[in-house]
Amino acid sequence: MKVRTDWNRYMGSASCTELAPKMFKLDWSKNSICAPAPREVIEDKETRAEDIFRAAQSCPYRAIILEDVDTGDRLFPR
């Protein structure tokens, strides 16, 4: 699974970091009044696919995009 961010929708709600902390991290040192803290994707092979899906679904802005690595098909959001 490939994880991308739609930066036009991203607002830094941090729900993904709560549900998949080994996969997602916010860099609060780069937070500003005009822009939320950037989210980093950590390449952790131990994070379960279900946790990544739940984290993506928890984003109120639908900013986390999941794609099939082999086919390029979008898995979430559809």
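Quick note: the coordinates plus some simple rules give every number you see, no bench work behind them. As the structure is a prediction and not an experimental result, all values here were calculated from the model. So basically every Cβ, Gly included, is an ideal-geometry build from the backbone, and we count neighbours across all protein chains shown.
Hey, rough spin-label estimate for Val69 and Arg48, points 7 angstrom out along Cα→Cβ, what's it come to in nanometres?
Here the modelled spin labels are 2.0 nm apart.
Simple spin-label model, 7 Å along Cα-to-Cβ: Met11 to Ser58 in nm?
According to this spin-label approximation, the distance is 1.7 nm.
Among Asp27, Asp70, Asp51, which comes first, second and so on when ranked by fewest other beta-carbon atoms within 10 Å?
Ascending Cβ contact count within 10 Å gives the list Asp70, Asp27, Asp51.
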